[in-house]
Amino acid sequence: MKITANNPERKSWLPVDSNSDFPIQNIPFGVFLTKEYITTIGTRIGNYAIDLGALHQLGYFKGIPLTEDIFMQDTLNDFISDGRKTWRLVRNRIADIFDVNNSELQNNSKDKEVIIFNLKDIEMLLPISIGDYTDFFSSKEHATNTGTMFRDPENALLPNWLHVPVGYHGRSSSIIVSGTEIHRPKGQTIAPNATQPTFGPSKLVDFELEMAFITTDANHLGDAIPIDEAEEYIFGMVLFNDWSARDIQKWEYVPLGPFLGKSFASTISPWIVTMDALEPFRVPSPKQEPTPLTYLQQKGDNSYDIHLQAAIKPEGKKETIVSNSNFKYMYWTMIQQLTHHTVNGCNVLSGDMMGSGTISGPTPDSYGSMLELSWRGTKPVQLVEGGERKFINDNDEVIMRAYCTNNTIRIGFGECTGKILPTK
Ligand code: MN
């Protein structure tokens with residue numbers, strides 16, 4: 001089935017700024033609270049939120065096999081379970097409804113009143129109920145930087161790294177939507193040269209510039225997903241800030257990996273941009289040497305050219321952009337990560353989320369964490385209004401952005417923001 005929603009010629013009758021992340025070719029999915037305090041599934045065009053529950057109730061999805069209440073829910077999990085064919089039909093239909101050449105809704109002010117909301121009148125909620133969350137470690141530059149800092153510059157990558165998409169199971173209960181404030185976590189840390197740990201607020205709170213993908217029900221327990229099919233099970237992507245307390249992490253992570261240094265909070269952007277919308281921005285992933293084992297060998301272009309940005313905004317001050325990276329730097333692709341995740345028979349469900357791992361590029365201005373940008377605190381990052389940062393201070397807001405662009409369209413993710421408040 002053709003993705004007619006992606007037609008770059010298409011224009012919407014809703015006004016959209018030329019530099020908007022959300023032209024009619026995007027049609028992401030999210031969940032929001034209306035000013036009448038009703039939770040609904042929606043999409044976004046320009047600065048308008050569109051209530052899909054109301055659209056469906058008023059008959060605009062006629063002919064598409066959808067249950068009556070599919071959009072009148074507080075998560076997207078059931079819609080995601082419906083599978084790729086349904087996602088595509090719904091996106092194509094939404095594009096038609098809001099196409100400038102279609103007068104059906106455009107000329108119906110009564111329907112428009114209950115379907116279309118100004119973005120400032122709604123509140124975005126967490127779009128999915130995340131059953132399981134896995135975070136990978138798939139940027140070679142990031143793995144090399146951290147290996148150089150903490151172990152041995154000569155052998156920065158551990159022997160498994162070029163063969164296995166390394167990952168760990170994270171905590172899903174503390175995944176929060178953009179805009180949610182976070183208190184500085186407390187925990188055990190050990191001072192340099194000390195022999196005993198102490199307890200207190202983390203001194204080294206950091207962000208990790210990541211993206212994450214959301215899956216549909218992919219396999220039954222015991223079955224593996226072949227790499228050629230993996231893409232079918234990926235619904236879409238969000239921006240992902242995998243907040244990290246480096247001092248807690250450093251003390252606790254041996255030998256079982258990250259724990260409380262990560263699980264205090266992770267922030268996602270509210271709109272899930274579908275893989276269909278990202279289709280025009282496919283690019284090859286980095287050449288893999290040595291060739292991975294057969295089950296991880298992929299064909300075609302499996303990465304995406306997504307510009308990434310991280311900024312720090314101290315309270316009452318202008319933001320400083322501290323990193324410009326790109327999703328295409330990822331060494332292991334999403335289909336390799338998903339295939340690897342299920343190769344032992346582990347089942348993946350609708351609403352599961354997989355983080356890419358910190359996405360660092362090849363140059364120091366493209367590193368995806370303060371740990372790398374300040375090189376473990378040895379090279380403070382200068383802020384535009386004076387002052388410097390090694391890590392994140394109290395009342396700093398971290399703002400992440402992601403977008404794709406070519407000569408004709410721009411598809412973006414909006415912002416993923418979070419503020420670190422003083423410890424509780
Ligand atoms: Mn991470």
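The values are calculated or read from the model by the stated rules, or taken from the named source; none is laboratory data. Predicted, not measured: the structure shown is a model, and the values here were computed from it. A quick note on method: Cβ atoms are made from the backbone with ideal geometry, for glycine too, and the neighbour counts reach across all protein chains shown. To get the accessible areas, we keep the full protein, side chains included, count just its heavy atoms, and leave off ligands, DNA and RNA. Shrake-Rupley method; radii C 1.70, N 1.55, O 1.52, S 1.80 Å.
Placing one equal scatterer on every Cα of the stretch 161-217 and applying the Debye formula, the log10 ratio I(q)/I(0) at q = 0.15, 0.24, 0.25, 0.28 Å⁻¹ is -0.79, -1.18, -1.21, -1.30. Projecting the Cα atoms of VAL166, ILE399, ILE312 onto the charge dipole of the chain, computed from C-beta unit charges around the Cα centre, puts ILE312 farthest toward the positive end. Its residue count N fixes a reference of 2.2 N^0.38 Å for the stretch 188-231, and the Cα radius of gyration divided by that reference is 2.25. Among PHE29, PHE150, PHE391, the residue with the largest mean-square fluctuation in a Gaussian network model of the chain, with springs joining Cα atoms closer than 10 Å, is PHE150. Label sites at ASP223 and THR180, each approximated as a point 7 angstrom past Cα along Cα to Cβ, lie 3.2 nm apart. Beta bridges per DSSP, both residues in the chain: antiparallel share near 90 percent.
Return the single residue from PRO314, PRO364, PRO290 with maximal mean-square fluctuation; model: Gaussian network over the chain, springs between Cα atoms under 10 Å. With Cα springs under 10 Å in the chain, the top fluctuation among PRO314, PRO364, PRO290 is at PRO290. With the convex hull drawn around the C-alpha atoms of the stretch 199-308, the volume per residue stands at 174 Å³. Taking only the Cα atoms of the stretch 4-125, the radius of gyration and Dmax are 13.4, 36 Å. Per residue of the chain, the DSSP helices (runs of n ≥ 4 H) give a summed -39500 (n - 2.57) that works out to -4000 deg cm²/dmol at 222 nm.
How much accessible area per residue does the chain have, in Å², with a 1.4 Å probe? On a per-residue basis, 44 Å². The 3J(HN,Hα) values that the Karplus relation (6.51, -1.76, 1.60; θ = phi - 60°) gives for the stretch 167-176 are, in residue order, x, 9, 7, x, 9, 8, 5, 9, 7, 10 Hz. Gly and Pro appear as x. The residue list ILE225, VAL348, PHE259 was ranked by how far each Cα lies along the charge dipole of the stretch 133-421 toward its positive end, using unit charges on Cβ atoms, and PHE259 comes out on top.
Remark: the chain carries a charge dipole of roughly 720 debye about the Cα centre, counting +1 on each Lys and Arg Cβ and -1 on each Asp and Glu Cβ.
For the stretch 25-103, the residue among TYR37, ILE80, VAL100 whose Cα projects farthest onto the positive side of the dipole built from Cβ charges is VAL100. Distance between the 7 Å Cα→Cβ label points at MET149 and ASN7: 4.9 nm.
Residues whose amide H falls under 5 Å from that of VAL31, counting only those 5 or more places apart or on a different chain, are GLY42, LEU125, with hydrogens built in the peptide plane.
Taking label points 7 Å from Cα along the Cα-to-Cβ direction, ASN324 and ASN101 give a separation of 3.8 nm.
As an equivalent ellipsoid, the stretch 64-176 spans semi-axes of 45, 16, 16 angstrom, where each value is the square root of five times an eigenvalue of the C-alpha gyration tensor, largest first.
In this structure, the amide hydrogen of ILE176, modeled 1.01 Å from its nitrogen in the peptide plane, lies closer than 5 angstrom to those of SER266, THR267, ILE268, counting only residues at least 5 positions away or on a different chain.
I'd like the Karplus ³J(HN,Hα) series for the stretch 387-400: coefficients 6.51, -1.76, 1.60, θ = phi - 60°, whole numbers in Hz, and an x wherever there's a Gly or Pro. Coupling constants for the stretch 387-400: x, 8, 9, 9, 9, 9, 8, 4, 6, 7, 9, 9, 10, 10 Hz.
The order of LEU157, LEU349 by accessible area, most exposed first and with a 1.4 Å probe, is LEU349, LEU157. For the chain, the average shadow cast by the Cα convex hull is 21.4 nm², which is a quarter of the hull's surface. In terms of Cα atoms, the Rg and Dmax of the stretch 290-424 work out to 17.9, 53 Å. Taken one residue at a time, the phi angles of the stretch 42-54 give Karplus couplings (6.51, -1.76, 1.60, θ = phi - 60°) of x, 10, 9, 10, x, 9, 10, 9, 10, 7, 6, x, 5 Hz. Gly and Pro are set to x. The accessible surface of the chain, taken with every protein chain in place and a 1.4 Å probe, is 51 percent carbon and sulfur.
Quick one: putting +1 on the C-beta of Lys and Arg, -1 on the C-beta of Asp and Glu, what dipole do you get for the stretch 4-125 around its Cα centre, in Debye to the nearest 20?
On the way: 13 positive and 17 negative charges, 78 e Å.
Dipole magnitude for the stretch 4-125 comes out near 380 debye.
At full extension, TYR168 and THR408 could sit 82.5 nm farther apart than now, given 0.36 nm per residue minus the alpha carbon distance. Residues whose amide H falls under 5 Å from that of GLY187, counting only those 5 or more places apart or on a different chain, are GLY200, SER202, with hydrogens built in the peptide plane. Once divided by 2.2 N^0.38 Å, the Cα radius of gyration of the stretch 296-355 becomes 1.61.
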